[in-house]
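What follows is a set of notes on a single structure, which appears directly below.
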Amino acid sequence: MVDTQLPADVLRDETRLPKVPEPNAMVIFGASGDLTARKLVPALYDLAAGRRLPMEFAVVGVSRLRMSHDEFREKLRGTLRKYHPTAISDNVWESFSRNIFYLPGDFREAGTYWDLKSFLKRLDRERGTEGNRAFYLASSPSFVSTIVERLGEAGMNEGENGGWARLVVEKPFGWDLKSARDLNADIQRYFKERQIYRIDHYLGKETVQNIMALRFANSIFEPIWNRHYVDHVQITVAEDIGIGARGAFYEEAGAVRDIVQNHLMQVLCLTAMEPPVALEAESVREEKVKVLKAIRRFSEEEVGKFAARGQYARGWVWGEEVPGYREEEGVPPDSTTETYAALELFVDNWRWAGVPFYVRTGKRLPKRATEIAIQFKPTPHTLFAGAENRGLESNVLVVRIQPEEGVSMRIGAKVPGAGFRVRSVSMDLLYGTAFLEEVPEAYQRLLLDLMLGDPTLFIRADETEGAWEILDPVLRAWAESEGVSLYPAGSWGPEQAEKLLKRDGWEWRRP
Amino acid sequence: MLVMEELRSVPVEGAMSAGQIERELARLRVNEDGIVGARASVLNLIVVTSEERAPRVTQTICELSGRYPSRVILVISDPDEEEANLEVGLSAFCRARGGGGRQVCAEQIMVHVEGPPADHLESLADPLLIPDLPVFLWYPNGELPHSPECGGMAAVADRLILDSGATPNCEAFLRSAANLLEDCVLAVGDLQWTALSPWRSLVADLFASPERAGALAKIRHAEVVHGSGGECQALLITGWLSNALGWRLESAKRMERGCLFRFASSSGEATVELAPNASAASLHRVRLVSENLAFQIQVSRHNEHTDARSTVMRGDKRISERTVHLGSSDVGVLLGEELKLLGRDETYESSLERVVKMLDLL
């Protein structure tokens with residue numbers, strides 16, 4: 001008999017069985033923090049329970065607090081019970097937690113990393129993690145450069161024995177263009193771009209990925225998705241909540257850094273980009289970067305013309321009186337930090353020349369809603385003019401991302417009866433309701449992609465820098481100007497934002 | 001998120017045309033405020049069953065409609081009655097998500113047909129299908145399409161879903177299912193095969209480690225332990241494993257309890273023993289033993305059947321173990337999984353084909 005070797009995936013060579021990552025160890029820096037407890041461990045637990053992790057998988061938490069492996073496991077078990085939306089299985093947890101470990105250490109000290117390296121080698125031997133490592137930086141942003149440098153110095157920027165090493169960086173990706181460039185340079189000194197996974201959990205949401213499905217799986221939209229048919233685009237990320245206990249963080253950030261630089265710019269890119277050659281990382285990211293490059297830069301002097309900011313004052317949201325931003329914990333009474341930002345952007349390319357993209361985000365707006373509204377041009381000649389047809393407006397295609405995922409189209413239809421009255425009708429397609437399946441948490445999807453080595457839903461260095469290039473003048477201009485317009489909580493933002501559209505003859509949609 | 005559910009139905013008397021049925025269904029979607037609820041449909045599902053089993057099937061469909069809003073055409077077929085008779089019942093299962101969410105309704109058309117028309121079900125189902133959506137044809141509870149109806153229904157359906165788990169004669173059922181693949185010329189699925197996905201995935205995981213990948217070619221023995229309702233699953237997983245590993249079927253024999261199949265692989269001989277036990281679980285354990293007992297690899301049910309435990313032994317030493325959720329074996333859940341697939345499942349078809357060959361040698 002001939003002794004032949006079968007391919008390792010011979011039993012998984014079909015679509016019905018999902019891909020499972022290679023054996024690996026995930027190292028979480030900042031393991032005692034909120035992100036680990038609220039998002040990472042619940043997502044990893046769900047992946048483990050759902051048979052999506054390899055059998056040889058380990059989690060190593062690193063943080064400054066002194067804890068034993070067992071104490072760390074107990075702590076995570078407690079927080080998992082608190083944050084996991086459904087009951088957890090004791091058996092699955094026992095099995096999963098046997099592969100969770102903890103190493104106390106100071107992120108600044110080289111010794112921490114040599115200890116970690118030796119521990120990971122031990123896991124390779126004892127747990128079969130095969131020299132593959134994912135380093136998740138869930139620590140404070142101020143430690144990112146230091147951790148990367150120490151990992152590099154300890155030789156952990158490459159996997160052991162031919163394995164892989166990947167680095168996950170959480171947003172914010174810098175605080176402005178210079179800091180983003182510095183941060184990217186710091187990271188790229190030790191890790192190659194293909195090893196770096198910049199995570200914006202927004203891209204892990206099914207609904208955001210559906211923008212691509214809508215555009216590129218439906219041929220009816222593509223021919224009209226351009227300057228010939230589109231008058232303008234409105235992208236809204238509205239939140240009804242305030243800043244809660246995040247006062248100190250928000251004072252440093254503001255709406256532009258918190259939402260516009262990442263979420264809004266990503267949604268804009270997905271809306272405006274050309275069809276990628278393939279649904280794989282480099283093709284998709286290449287097209288997004290082209291959009292960012294095409295967005296017209298404005299100078300600090302032009303900021304007043306193309307951007308508006310506001311801050312929420314005391315008001316009423318959903319029947320409840322809520323405090324103003326300056327009354328929130330951790331916010332100074334004279335703060336000028338923006339909780340609302342609106343911009344008029346132009347994508348200067350063949351497809352979109354002359355089409356304004358109005359983007360806005362705000363806290364304490366009347367409702368939580370994220371949507372992209374494509375406002376089409378009116379018909380070239382109106383057959384149905386006159387007072388009878390005052391309710392007829394041009395077509396709008398709205399892609400709703402949340403809370404009710406779907407697409408709606410405003411079209412003109414004849415009112416039944418004598419005469420020819422035409423009114424606008426909204427046709428709704430709730431594809432969120434068509435598939436009521438449990439949608440995996442964004443972190444589940446992204447952690448799995450990370451381990452499978454698929455960076456499509458992660459952000460490349462030039463994407464972060466491209467977004468900062470556009471927004472830097474806005475931040476500088478606002479930092480130098482005094483005062484910020486207030487808007488009552490529960491309203492749709494400051495008056496200046498209305499003016500952005502009014503001068504073009506439009507107004508913001510009510511999502 | 002809060003989900004409000006409501007079942008609406010309309011009593012129907014006498015014969016109705018397809019057009020009348022459509023109008024009545026639209027009326028069912030009208031809410032109290034007079035607004036017509038949206039209809040969300042991702043597929044057509046034709047279910048063919050008997051009168052006594054219809055209530056249970058309806059229950060499954062109601063549960064399923066939340067995840068796969070469909071137009072369901074429930075056909076209660078009784079071809080043995082001499083006199084032709086046709087009755088129709090309509091219902092809509094509407095759900096509204098909390099916070100002012102819009103209401104979305106899935107529809108069910110019940111067609112009770114007796115006598116000669118029961119041999120021409122396609123003439124009833126075809127006019128009621130929503131155009132442009134895939135058509136699934138489900139025969140629950142171990143039922144199989146009869147020859148005349150199969151031909152007609154194959155013309156309107158894209159995929160046929162069977163359930164070998166509910167049949168008293170597994171071997172005969174699997175042979176018939178294999179015949180259907182040829183006779184009906186349409187893609188066929190089996191809920192018992194669907195139920196094997198977690199098992200197959202877990203078995204595959206056990207060889208994902210480079211250390212054990214080499215053992216795949218050196219498996220010498222497999223033991224599949226199953227409960228009374230799990231014979232078909234046991235046969236199908238044996239068919240899959242032997243196919244995937246490239247084993248050639250050599251012989252088969254019935255034992256006092258269970259059966260034994262002998263295969264030839266490129267590196268030696270391999271045997272698979274199907275061992276029934278008193279377990280209530282359809283599949284209880286799959287154990288693979290490599291040459292010279294280098295590895296013993298096992299997936300078994302655990303914790304009152306909701307979890308599975310995978311274990312790897314090298315000699316007498318346990319080197320790896322984990323527990324995961326096995327997933328639900330509820331018919332509605334399995335059907336939902338099967339509705340995700342369009343087109344042929346070639347792995348299932350080749351496994352079924354292998355099973356028939358195994359049965360031929362018994």
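General remarks:
- Some residue of the stretch A:194-212 being assigned to a loop (DSSP other than H, G, I, E, B) and loosely packed, with under 13 Cβ neighbours inside 10 Å: no
- Of all residues in the stretch A:26-33, none satisfies being over 23 Å from B:P210 (Cα atoms), in contact with an Asp or Glu (Cβ under 7 Å, 6 or more places away or on another chain) and either in a helix (DSSP H, G or I) or in the same structural domain as A:I147 (by TED's automatic domain parsing) (or both).
- Of the candidates A:E329, A:E338, A:E287, the single residue that is in a helix (DSSP H, G or I) and acidic (D, E) is A:E287.
- Taken together, A:G493, A:G453 contain a single residue that is in contact with a strand residue (DSSP E or B) (Cβ under 9 Å, 6 or more places away or on another chain), modelled with pLDDT of 85 or more and assigned by TED's automatic domain parsing to the domain that holds A:A213, which is A:G493.
- Number of residues in the stretch A:1-50 that are surrounded by fewer than 19 Cβ atoms within 10 Å (Cβ to Cβ), β-branched (V, I, T) and more than 10 Å from chain B (Cβ to nearest Cβ) equals 0.
- When the stretch B:3-19 is filtered for residues that are small (G, A, S), at pLDDT below 70 and out of contact with any strand residue (DSSP E or B) (no Cβ under 7 Å at 6 or more places or on another chain), only B:G14 remains.
- Taking the criterion of being hydroxyl-bearing (S, T, Y) and within 30 Å of A:A87 (Cβ to Cβ), the residues of the stretch B:306-362 that qualify are B:T306, B:S310, B:T311, B:S320, B:T323, B:S328, B:S329.
- Some residue of the stretch B:188-198 being facing another protein chain (nearest Cβ under 10 Å), free of Cβ contacts under 8 Å to residues at least 40 places away in the same chain and of a type in the set (S, T, Y): no
- Some residue of the stretch B:287-294 being touching a Leu at 6+ places or on another chain (Cβ under 9 Å), in a loop (DSSP other than H, G, I, E, B) and within 12 Å of chain A (Cβ to nearest Cβ): no
- Qualifying residue in the stretch A:70-84 (condition: over 30 Å from B:G268 (Cβ atoms), in contact (Cβ under 8 Å) with a residue 12 or more places away in the chain and within 11 Å of another protein chain (Cβ to nearest Cβ)): no
Yes/no matrix, rows are residues, columns are (1) modelled with pLDDT of 85 or more; (2) surrounded by fewer than 21 Cβ atoms within 10 Å (Cβ to Cβ):
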position	(1), (2)
B:V75	yes, no
B:A92	no, no
B:A106	no, no
B:D126	yes, yes
B:I130	yes, yes
B:L137	yes, no
B:P140	yes, no
B:P168	yes, yes
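- Counted residues, the stretch A:314-326 - those being in a loop (DSSP other than H, G, I, E, B) and basic (K, R): 1
- Qualifying residue in the stretch B:20-32 (condition: modelled with pLDDT under 70, in contact with a helix residue (DSSP H, G or I) (Cβ under 8 Å, 6 or more places away or on another chain) and farther than 28 Å from B:E143 by Cα): no
- The test for being without any contact (Cβ under 8 Å) to a residue 24 or more places away in the chain, within 14 Å of another protein chain (Cβ to nearest Cβ) and aromatic (F, W, Y) holds for B:F263.
- The conditions of being under 16 Å from B:A222 (Cβ atoms), within 12 Å of chain A (Cβ to nearest Cβ) and at pLDDT below 95 are met by B:V312.
The values are calculated or read from the model by the stated rules, or taken from the named source; none is laboratory data. Just so it is clear, the structure is predicted and the values come from calculations on it, not from any experiment. Cβ atoms come from the backbone with ideal geometry, glycine included; neighbour counts cover every protein chain shown.
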